[in-house]
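J.: There's a structure below that I have some questions on.
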Amino acid sequence: MSRSQPIKLPDAKVKELKQLASPAEQAEEAEKAERREYMKLAQRASRERKAIRTISEFAQTEEQWHSEMRKTLPKEVRDQYEQQDAEVNSFMHWMAWGWEYADPNAPDFDPDLFISFEDGVKDLDAFIEKRGTIHDGHDYDSYELRRVRPVHAIWEDGSYSRLTKGLPRQWRKPYWRCPIRLEALTTEEGEPTRIHALYGYDVALSAYHVERWKTRVRVHPNHYDQVDFDRCWLCQYERFQQQKRTETDQLVAGTERQESI
Ligand SMILES: [Zn+2]
């Protein structure tokens with residue numbers, strides 16, 4: 001005689017029974033779910049620690065360090081970082097080339113694409129407010145990192161070796177090989193810095209880049225007497241507009257000449 005199959009309840013019935021569950025049972029369910037989520041995060045953190053230990057030993061270049069670390073990320077996390085990285089890139093593009101979209105004579109001119117300097121700075125500040133920054137400039141929260149001098153030795157990746165000569169040994173190592181620096185970068189400087197240090201994704205703007213860009217803009221009035229103004233947004237914009245005006249003047253002058261003939 002075969003044993004009877006377990007009875008399968010219709011979905012509606014299951015839902016009804018669940019609703020009948022006492023508040024105590026519901027609380028227990030919620031607690032279980034919370035524990036599962038906690039375990040998932042703890043497992044991910046443990047996998048990450050193991051990956052750091054193994055990969056930091058053999059990675060010779062920063063590129064190798066990041067590409068191997070990326071392979072350990074779940075796909076949905078990687079996709080999210082990539083999407084945020086692209087968003088950051090569009091701000092970087094505006095800071096470098098945004099003034100170029102202001103040419104009304106360009107065949108593909110789209111007034112919606114041009115973001116003025118004032119609007120751009122507002123967007124930039126709001127984005128920094130929302131996402132924070134990658135700490136790669138002069139300001140650090142960690143006590144250990146505040147002690148590193150010169151400050152660029154924090155992000156030493158092998159390419160500064162000439163500049164870090166004479167420093168304590170551990171500050172001359174690439175940052176992924178130096179447990180003190182890596183620990184500080186991944187636990188004390190906020191999530192964007194952690195993600196940048198471990199995986200090379202930029203989910204927020206680089207503090208160093210923003211600082212440099214804003215300084216150039218702040219001292220812009222002094223640029224009129226200088227030759228080196230190439231990276232200032234306002235210089236580029238004014239020069240661009242000036243060039244457009246000259247071109248238009250020449251065009252108008254040419255037409256007038258033709259008319260007078
Ligand atoms: Zn300037």
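No value in this document is a laboratory result; all are computed from the given coordinates. Not measured: the values here are computed from a predicted model. Here the Cβ positions follow ideal geometry from the backbone for every residue, glycine too, while neighbour counts run over all protein chains shown.
J.: Please name which of Ala253, Gln241, Ile55 has its Cα lying farthest along the dipole of the chain towards the positive end, using unit charges on Cβ (Lys, Arg +1; Asp, Glu -1) and the Cα centre as origin.
T.: Checking the options against the dipole of the chain, the answer is Ile55.
J.: Still on this model: With unit charges on the beta carbon (Lys/Arg positive, Asp/Glu negative), name the residue among Leu17, Met39, His66 whose Cα is farthest towards the positive pole of the charge dipole of region 8-67.
T.: With unit charges placed on the Cβ atoms, the residue in question is Leu17.
J.: Sticking with this structure for a sec: Would you order Tyr101, Tyr201 from fewest to most other beta-carbon atoms within 10 Å of each residue's own beta-carbon? Walk me through the numbers on the way to the answer.
T.: On the way: Tyr101 17, Tyr201 22.
With the fewest neighbours first, Tyr101, Tyr201 line up as Tyr101, Tyr201.
J.: While we're looking at this one, here's another question. Got the relative contact order for region 119-261 handy, in percent, Cα pairs under 8 Å and 6 or more residues apart? Intermediate results must be reported in sequence, preceding the final value.
T.: Values: 122 pairs, mean separation 32.5, N = 143.
Relative CO of region 119-261 lands at 23 percent.
J.: Sticking with this structure for a sec: For region 1-144, what ratio Rg/Rh do Cα atoms give with a Kirkwood hydrodynamic radius? Show your work: numbers first, answer last.
T.: Working: Rg = 26.2 Å, Rh = 21.9 Å.
Rg/Rh for region 1-144 comes to 1.20.
J.: Could you tell me which trypsin sites (Lys or Arg not before Pro) in region 1-75 are loop residues by DSSP with no more than 15 other beta carbons within 10 angstrom of their beta carbon? Write out the running numbers ahead of the final one.
T.: Values: sites: Arg3, Lys8, Lys13, Lys15, Lys18, Lys32, Arg35, Arg36, Lys40, Arg44, Arg47, Arg49, Lys50, Arg53, Arg70, Lys71, Lys75; in loops: Arg3, Lys8, Lys71.
Within region 1-75, the qualifying trypsin sites (Lys or Arg not before Pro) (loop, at most 15 other Cβ atoms within 10 Å) are Arg3, Lys8, Lys71.
J.: Straight-line reach from Lys15: which lysines have a Cα under 22 Å away, not including same-chain ones fewer than 8 places off?
T.: Straight-distance partners of Lys15: Lys32.
J.: Please order Ser46, Ser116 by the number of other Cβ within 10 Å, starting at the fewest. Walk me through the numbers on the way to the answer.
T.: Values: Ser46 10, Ser116 13.
With the fewest neighbours first, Ser46, Ser116 line up as Ser46, Ser116.
J.: Let me ask something else. Which value, in debye to the nearest 20, describes the size of the charge dipole of region 120-190 about its Cα centre when Lys and Arg Cβ atoms bear +1, Asp and Glu Cβ atoms bear -1, and nothing else is charged?
T.: About 540 debye.
J.: Sticking with this structure for a sec: About its Cα centre, what dipole magnitude does the chain give when the only charges are +1 on Lys and Arg Cβ and -1 on Asp and Glu Cβ, stated in debye to the nearest 20? Please report the intermediate quantities before stating the final value.
T.: Details: 41 positive and 48 negative charges, 396 e Å.
The dipole of the chain has a size of about 1900 debye.
J.: Also, I was wondering about something else. Please name which of Ala207, Phe109, Gly98 has its Cα lying farthest along the dipole of the chain towards the positive end, using unit charges on Cβ (Lys, Arg +1; Asp, Glu -1) and the Cα centre as origin.
T.: Comparing the listed Cα positions along the dipole, Ala207 ranks first.
J.: Please list the three semi-axes, largest first and in whole Å, of the ellipsoid equivalent to the chain, using sqrt of 5 times the eigenvalues of its alpha carbon gyration tensor.
T.: On the way: eigenvalues 528, 209, 55 Å².
The equivalent ellipsoid of the chain has semi-axes of 51, 32, 17 Å.
J.: Next question, about the same structure. Can you show me the helix-derived [θ] at 222 nm for the chain, built from DSSP H runs with n ≥ 4 at -39,500 (n - 2.57) apiece and divided by the number of residues, rounded to the nearest 500. Mind showing how you got there, number by number?
T.: Values: 11 runs with 159 residues, N = 261.
Value at 222 nm, helices only: -20000 deg cm²/dmol.
J.: Might you report the magnitude of the Cβ-based charge dipole of region 49-188 about its Cα centre, with Lys and Arg at +1 and Asp and Glu at -1, to the nearest 20 debye? Display every interim value, and only then the final one.
T.: Working: 20 positive and 27 negative charges, 330 e Å.
So the magnitude is around 1580 debye.
J.: Okay, moving on. Can you give the Rg to Rh ratio of region 71-222, both from alpha-carbon atoms, with Rh computed by the Kirkwood formula?
T.: Numbers: Rg = 18.2 Å, Rh = 17.4 Å.
We get a ratio of 1.04 for region 71-222.
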